[in-house]
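Colleague: Sharing a structure below in structure tokens format, with a few things to ask.
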Amino acid sequence: MNPSKKEILNQEIGRIHNPNSGDDFKRKDNQIVVHTGKQIRLKDKVHIPVDKHPNFNFVGKLFSPKGSSLQQLQEATQTRMVVLGHGSMKHKRMEEELRKRGNQSMFI
């Protein structure tokens with residue numbers, strides 16, 4: 001996660017945990033107000049070092065039987081995760097066709 005995103009997120013979390021700390025006056029105009037009940041969407045891509053570990057099956061480890069590992073990760077972190085890239089599709093033929101089109105971005 002970007003350090004500036006992390007800093008803003010930590011400031012807002014701290015402000016919510018300590019509402020009487022007086023940080024509301026120090027809040028910058030470009031920061032969002034979290035306590036209004038509005039959902040916040042943070043999006044980040046994690047690139048997997050497939051080049052350094054060519055024999056390790058990252059997608060297989062994440063999906064495991066029936067995707068239980070990925071589901072457990074999502075429940076534990078209260079997030080939604082999407083796996084994209086080589087080996088992430090159920091239909092190998094369709095994956096090969098899409099790869100031939102030129103979009104080879106691989107990330108989780």
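The values are calculated or read from the model by the stated rules, or taken from the named source; none is laboratory data. Model, not experiment: these values are computed from the prediction. In this analysis, Cβ positions are derived from the backbone assuming ideal geometry, glycine residues included, and neighbour counts consider all displayed protein chains.
Colleague: Scanning the range 32-60 for residues that are modelled with pLDDT of 80 or more and of a type in the set (Lys, Arg), which turns out farthest from residue 7 (Cα to Cα)?
Modeller: Per the criteria, the residue is 52.
Colleague: Okay, moving on. Could you grab the pairs with beta carbons closer than 9 Å, sequence gap of 6+ or different chains, first residue in the range 62-83 and free of Cβ contacts under 8 Å to residues at least 60 places away in the same chain, second one of a type in the set (Gly, Ala, Ser) and in a helix (DSSP H, G or I)?
Modeller: The qualifying pairs are 62/69; 63/69.
Colleague: Quickly run through the range 61-99 and pick out the residues that are at pLDDT 70 or above, on the phi > 0 side of the Ramachandran plot and surrounded by 11 or more Cβ atoms within 10 Å (Cβ to Cβ).
Modeller: Hits for the range 61-99 are 64, 67.
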